[in-house]
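For reference, the structure discussed in these notes is given below.
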Amino acid sequence: MHQAYQIHSILKQGVHIESIAGYDNNVILGTRSGQLIMYSVDENGAVDMLMFNKNFSKKAITQMEVIAEENLLFVLTDAMIHVCDISRKENNFTFIHNSQFTKGCSLFTKDVKTTKSTTGETATVIRVCCAIKRRLQFFYWKLNLLASPDFSIDLKDIPKALCWVEDLICVGYKDEYVIYNIKYNKTEKHDLIVTSSSYSIDPCMCLLKNNMLGVSKDEYLVAIDPNEYLIKKDDKSKVQGSVDVASTDTKPTLKPMAWSSPLLALAWDAPFVVGRVTNGLEIRYFESNGISKDTLVQSIPELNKTKHLVRSAPGTIFAAAISELWCIRLVDISVQRHQLLQQKKFGLAIELTHISDEPDALKSDIIRQIHMRSAKELFALKQFSSAMTEFAKASADPYDVIRLFPNLLHDQAKPTTKDSFDATVPTFPMPQLEDKDLENAILALIEFLALARQKEVVKLRDTKSSSKSLLSIIDTTLLKCYLQTNDSLIAPLLRLNQCHLEESEKTLKKHDKMSELIILYQTNGKHRKALELLQAQAIKEGSSLYGHERTIRYLQQLGSSHLQLILEFSDWVLKADPEQGLRIYTEDFIEVENLPRASVLDFLLTRHKLLVIPYLEHVINVWHDNNTFLHNVLIKQYLEKVQQLMKELEKEEECEDKTEKMETLNKYRTKLYNLLKISYNYSPDVVLKDFPTNTMLEERALILGRLKKHEKVLAIYIQILGNVKKAAEYCEAHYEDDQDIFFALLKTILSPLNQPPYEGVELHKDFLQPNHDVVVDLLNKYAIRIDPCKIWPFLPKDMPLHRLQNYLDTVLRTQMAESHHLEMKKALLTAEISRVEGLIRDQQNISFEINEFSVCPECRKRFTNQSVFVRYPNGDVVHLSCHDKRVMASNLFGN
């Protein structure tokens, strides 16, 4: 406990006080005989009477409420509400209005809201709720009158207490509290709690912090959150009519505060609740986030005769007995704060500092010091989570918080900046952290550092600072904490790339976290270290990095800027598992696809020649690379592979794997043939130099075909291979480019060579002499593609004419059909020419007259002798310039 308020006695003997009201440093007394008196009390307790109205009413003044914003005083006397003006002290409570509609009122409550328009004008809305017998009647103040909106609520009994908060009216009966939601002028009733179970006392209530509603129940103050009862707009349609609807909502969580005896009156003066109890007044500290057991701040037994309490201003409360009046003033906050810090009541010290009139900068500094002091005290008491919350509120330097933990700041540089307010905070003996306490402390530290990290990142981004020393300390400490609490969070932290490299490396090695160490190296650009570690761990059974898969994935992510590293460390993987290792250069990743293929090819040709073909196949067939050099190399690799297999088969006439080698030979020769046939990206003149002349003649024919050397191709197909079908297919494929190609085919058959075109090959036996049967078949099949005038001189003179009957018949019919087609086309064109000439003659025979009275319909101007004009089919004649404008307009608007 400490002294929060000091008491000034104002009146000891005088009038019979029936009610009081207050605002600022002024208090208004309402007497039993109907008098109104206003006193002003200064800081030292000196009293000055400002107004006195002896004959305001003939009856007792039972209740008063002040609206200071409008200088109005609402007075309840003779069961009716009267309104007075208190702006001019010399007029002694000038009467403004009394409403007959309030006749029978036993008590009332008000709601005052001040709004500001976009133009800067302020408006005050005053609403009044009167308890008239068993009914609540609502009014609003407008143009110096109390007007009624014709809205009321019927009650079960006469209320003893009323309180208005937001759009809720709380009613206190003798036996219970209820609350009404009056939003949209429609009511919803909620039952709260009974008023008392063992005492026969009237209910009392007041508004607390953040518009919380405080109601008395025996020796407890129950705090109720009104937001639990405010109806949402979406639920508006659920409320039917303006009748009371019983609510089925669950009651809100009640927060009871214990008092020494039943509460008789209440007043709120942040952060304190002042309550009138049997033996005087009690001052208690209200915490909305959770009521502590020790809430009593000050007890004032000398005011045990008090009947009325009212708060007039922050830090000022007036208390009245039947004929006595006291002013209760808040003790200077700096004095209170000193006492509270000695008693270690940090929360209340902070609350009081918030409402002090000290400069904002000083206030913020003091609050930070108190939070720091509270945090260290809580840490010493092993309340680690609460301590870290206080450290965060104090914006404590993370480095200072980390220093509370042993072995977490080893070998790290301390930041150059340090908050100056830490030096003013007393130190507390820190506990030795072991086992469960250490774990709880580290978990709390993790939460603090995570929040501190977010703030530091935002700070660095906003200030565009390049210094990240504090961020490095935070992340490195988090790494150590995660190693002791939650391994799964290590990898995401390391990927943020702010941990201190040497310290983190040593820590991860100590805990044998090799996978995480790889991430650390990778994010810090230490790729050689990472790859060396991967290579070393790959052969250690039981290691999390055992095998080559992790190395493959790492190398795939490096990209072309680290090509030399990729080539160097892929070597051992390719030796250990060539098929999987080749994924380093063929996986579908953008980094892999962008590697310089010429360099990779050179590496494979030098170190791993067996992988050249699968690599180039992937590059050409999957990535569709059109590079001529790569196509030429793949063709050469295929050729070398085929030639190698051919030599092996020649040497080994009988062996177990001869069949397998034959299959392999056929596979690669098929691939070579298909590539030569399909690809248009190789250089035929370059690759032709590598091909032998005595074997692989079909492949040679494909290359010669790309060079348009048709006679050499046909010579290979006919005179060496004797394959008429392939020769005919070749001619069909190239007929569009060379329409004499079938003539060349027949000429090759009819004029056989005496010597083979290449050394080491033999001429086909079927074509040593002109093969009449093949010639006749080709003439019959491709008659329309072979010019008889060209082929006739080469036909053998001894060939019977009847064998050429089909060919000649087809040729003649084709020629006749073509001639007939041309004659029909000529006739049609002649007819069309005649028709057009007739139309021209018709148009030329049309005449019209233009004289000095003729006017252009477009511009409404006459034609001059030098005018150039245009005549439309409908007979209109316009200037040429007008016609051009019309055409331009039509094109512009698409008409």
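For the chain, the longest principal axis of the C-alpha atoms and the axis of helix 360-380 are separated by about 80°. Per-residue packing, averaged as other Cβ atoms within 10 Å, sorts the ranges 361-371, 798-808 into the order 361-371, 798-808, beginning with the highest. The Cα trace of segment 847-893 gives Rg and Dmax of 11.1, 34 Å, the first to one decimal, the second as a whole number. Measuring max minus min along each principal axis, the C-alpha atoms of the chain give extents of 160, 107, 56 Å (largest first). Relative to its Kirkwood radius, the Cα radius of gyration of segment 472-512 gives an Rg/Rh of 0.90. Principal semi-axes of the equivalent ellipsoid, √(5λ) from the alpha carbon gyration tensor of segment 1-138, are 26, 22, 16 Å from largest down. Average projection, convex hull of the Cα set of segment 688-804: 7.3 square nanometres.
A Cα-only calculation for segment 679-720 places Rg and Dmax at 9.9, 30 Å.
Sorted on the mean count of surrounding Cβ atoms within 10 Å across their residues, most packed first, peptides 768-774, 814-820, 162-168 read 162-168, 768-774, 814-820. Report note on the peptides 16-26, 100-110: ranked by the mean count of other C-beta atoms within 10 Å, highest first, their order is 16-26, 100-110. Please work out the C-alpha center-to-center distance from segment 133-158 to segment 94-112 and express it in whole Å. So the separation of the two Cα centres works out to 9 Å. For segment 183-189, putting each phi into the Karplus relation 6.51 cos²θ - 1.76 cosθ + 1.60 with θ = phi - 60° gives couplings of 5, 6, 6, 10, 9, 9, 9 Hz, in residue order, rounded to whole numbers and with x for Gly and Pro. The convex hull defined by the C-alpha atoms of segment 605-665 has an orientation-averaged projected area of 4.9 nm². Quick one: plug the Kirkwood hydrodynamic radius of segment 169-222 (C-alpha pairs) into Stokes-Einstein at 10 °C, 1.306 mPa s, and report D in µm²/s. Stokes-Einstein gives a translational diffusion coefficient of 134 µm²/s. Charged side chains reduced to their Cβ positions (Lys and Arg at +1, Asp and Glu at -1) give the chain a dipole of some 2200 debye around its Cα centre. Atom-type composition of the exposed protein surface of segment 847-893 places 54 percent of the accessible area on carbon and sulfur (1.4 angstrom probe).
Using alpha carbons only, how many degrees (0 to 90, rounded to 10) separate the axis of helix 333-342 from the longest principal axis of the chain? Value to nearest ten degrees: 80. Once the Cα atoms are used to define both axes, helix 658-678 deviates from the longest principal axis of the chain by about 80 degrees.
The values are calculated or read from the model by the stated rules, or taken from the named source; none is laboratory data. All figures in this text were calculated on a predicted structure; none of them were measured in a lab. Cβ sites come from the backbone with ideal geometry, for glycine too, and all protein chains shown count toward neighbours. The protein model used for the area step is the full one, side chains on, heavy atoms only, and it has no ligands, DNA or RNA in it. Shrake-Rupley method; radii C 1.70, N 1.55, O 1.52, S 1.80 Å.
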